[in-house]
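Structure, as structure tokens:
The values are calculated or read from the model by the stated rules, or taken from the named source; none is laboratory data. Here the structure is a predicted model, which is why all the values come from computation and not from measurement. Note that we place each Cβ from the backbone using ideal geometry, even for glycine, and neighbour counts take in every protein chain shown. For the accessible areas, the whole protein counts, side chains as well, though only heavy atoms, and no ligand, DNA or RNA atoms are used. Shrake-Rupley method; radii C 1.70, N 1.55, O 1.52, S 1.80 Å.
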Amino acid sequence: MAKAKWSALPTQTLRAGEGFSLADFDASATPGWSAGKAAAEKFMAARGELLSELQERFFANAKEGDPRKLLLVVQGLDTAGKGGIARHVLGMVDPQGVQLASFGVPTEEERAHHYLWRIERALPTPGKIGLFDRSHYEDVLVVRVENLVPQDVWEPRYEEINAWERNLVENENFTIIKVALMPSHAEQSVRLAERLARRDKWWKYNPSDVDTREKWPDYLEAYQAVLDRTSTDVAPWYVVPADHKWYARLAVTELLTQALIGFEQEWPVPEWDLTTEKKRLRSTMTKEERKATQAALDGTKKKVKGAIADFEKAVAKAVKGR
Ligand code: ADP
């Protein structure tokens with residue numbers, strides 16, 4: 001059997017462009033992937049290895065002064081699977097390479113500042129994948145639906161957010177990927193019911209989840225406005241069908257992987273001289289240590305060579321498939 005792969009990448013199929021309508025959105029679809037769940041999980045594991053390598057290159061280059069930064073914004077209604085993205089997608093890379101920030105109801109201190117204050121403070125540093133679990137978009141979503149501030153306050157925020165993001169991309173070396181996870185109303189009922197049915201899920205349940213669910217049409221309208229008004233050329237939205245968790249995770253993995261592939265980063269070239277350093281290290285070894293070290297190197301050489309070749313092949317393939 002041929003190996004399953006994307007027929008069209010999420011960078012193309014999920015991007016919210018002009019005329020995108022949430023009302024017509026099929027949350028159970030799996031755009032670009034027809035091979036099903038088992039194949040997706042296998043593919044994702046391989047992708048995870050690539051993602052992890054690319055993140056390490058990203059980190060290594062940042063250490064050498066590459067100023068580029070990467071931010072993944074994840075929004076979604078309750079039960080959309082935001083936590084699963086953190087666990088299952090970002091969980092595939094080194095935790096030291098991830099900068100996670102969650103945004104809940106603003107604290108008193110946060111409320112005393114402009115709504116972008118707490119967001120700015122959480123922006124990732126170069127070399128790390130910044131993950132926002134909820135974001136500044138709550139300030140035009142929950143805030144709008146729940147009338148937490150009057151319309152003349154939230155209305156100008158769309159433009160303000162666009163300008164703020166544009167500055168990050170054009171002047172602060174950011175790449176921004178915005179993901180809206182969209183489950184169907186029916187799937188949300190199953191997920192909420194599951195939470196109530198299971199003792200170990202009660203902690204995830206909040207009675208206000210049902211209040212929010214009752215306002216589903218209002219939230220859809222607010223999300224539609226976000227997609228219409230803030231999916232820009234510099235920071236586009238990707239709307240991810242989220243009824244199949246495996247698909248949502250696969251798609252977000254691909255979006256991240258493609259962004260890092262786009263950075264085209266080699267391993268940094270060291271400033272020190274390899275031959276000199278090898279000699280210096282050797283001069284500190286006893287005779288026995290030299291022997292043991294040589295034996296260990298002989299054993300790993302083949303393995304390392306093979307792994308590098310595999311990785312280079314995977315990157316070349318991924319670039320071709322873009
Ligand atoms: P989650 O539901 O994502 O697991 P929490 O239980 O901490 O996490 O919920 C976060 C809550 O904070 C959500 O109800 C969200 O709407 C709310 N929230 C986030 N940002 C804001 C904001 N700027 N203003 C008001 N409420 C917010």
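Given the criteria open to solvent by 10 Å² or more (accessible area, probe 1.4 Å), within 25 Å of the chain's Cα centre (by Cα), touching a residue at least 60 places away in the same chain (Cβ under 8 Å) and farther than 30 Å from Phe59 by Cα, does Glu172 qualify?
For Glu172, the condition - open to solvent by 10 Å² or more (accessible area, probe 1.4 Å), within 25 Å of the chain's Cα centre (by Cα), touching a residue at least 60 places away in the same chain (Cβ under 8 Å) and farther than 30 Å from Phe59 by Cα - is not met.
Of the residues that sit in segment 108-139 and are among the hydrophobic types (A, V, I, L, M, F, W, C) and more than 16 Å from the ligand (Cβ to nearest atom), which one is most open to solvent (accessible area, probe 1.4 Å)?
Here the answer is Leu123.
Looking only at segment 62-101, count every residue that is open to solvent by 20 Å² or more (accessible area, probe 1.4 Å), over 13 Å from the mean Cα position of the chain (by Cα) and within 11 Å of the ligand (Cβ to nearest atom) and tell me the total.
Matching residues across segment 62-101 total 1.
One residue is enough: does segment 200-214 have a residue meeting the conditions within 26 Å of the chain's Cα centre (by Cα), of a type in the set (A, V, I, L, M) and either surrounded by 14 or more Cβ atoms within 10 Å (Cβ to Cβ) or more than 22 Å from Asp26 (Cβ to Cβ) (or both)?
no
Pick from Gly91, Gly97, Gly65, Gly36: which is farther than 26 Å from Gln265 by Cα and assigned by TED's automatic domain parsing to the domain that holds Thr175? Working first, answer last.
On the way: Gly91 fails: farther than 26 Å from Gln265 by Cα; Gly97 fails: farther than 26 Å from Gln265 by Cα; Gly65 fails: farther than 26 Å from Gln265 by Cα.
Among Gly91, Gly97, Gly65, Gly36, only Gly36 is farther than 26 Å from Gln265 by Cα and assigned by TED's automatic domain parsing to the domain that holds Thr175.
Quick one: which strands (runs of 3 or more DSSP E) lie wholly within segment 66-169 and hold at least 3 residues that are under 28 Å from Thr253 (Cβ atoms) and without any contact (Cβ under 8 Å) to a residue 24 or more places away in the chain?
Those strands (runs of 3 or more DSSP E) do not exist here; none qualify.
Residues that are more than 26 Å from Leu141 (Cα to Cα), under 24 Å from the mean Cα position of the chain (by Cα) and not in a loop (DSSP other than H, G, I, E, B): does segment 262-274 have at least one?
yes
Given the structure, is Gly32 modelled with pLDDT under 95 and either more than 16 Å from the ligand (Cβ to nearest atom) or open to solvent by 60 Å² or more (accessible area, probe 1.4 Å) (or both)? Write out each step before concluding.
Details: modelled with pLDDT under 95: no; either more than 16 Å from the ligand (Cβ to nearest atom) or open to solvent by 60 Å² or more (accessible area, probe 1.4 Å) (or both): yes.
Considered against the rule, which asks whether it is modelled with pLDDT under 95 and either more than 16 Å from the ligand (Cβ to nearest atom) or open to solvent by 60 Å² or more (accessible area, probe 1.4 Å) (or both), Gly32 comes out as no.
Could you count how many residues in segment 140-161 are near the ligand (Cβ under 9 Å from one of its atoms) and under 30 Å from Pro95 (Cβ atoms)?
Looking only at that region, the number is 2.
Can you tell me which of (1) crowded, with 18+ Cβ neighbours inside 10 Å; (2) of a type in the set (A, V, I, L, M); (3) within 12 Å of the ligand (Cβ to nearest atom); (4) more than 20 Å from Val169 (Cα to Cα) is the one Val105 doesn't meet?
(1)
Mind checking which residues of segment 229-254 are surrounded by 20 or more Cβ atoms within 10 Å (Cβ to Cβ) and assigned to a loop (DSSP other than H, G, I, E, B)?
Ser231, Ala235, Ala242, Asp243, His244
Please list, ordered by first then second residue, the pairs with beta carbon atoms under 7 Å, 6 or more apart or interchain, first in segment 182-205 and in a strand (DSSP E or B), second among the β-branched types (Val, Ile, Thr).
Close Cβ pairs (under 7 Å, with a partner that is among the β-branched types (Val, Ile, Thr)) amount to Met182/Val239; Met182/Val240.
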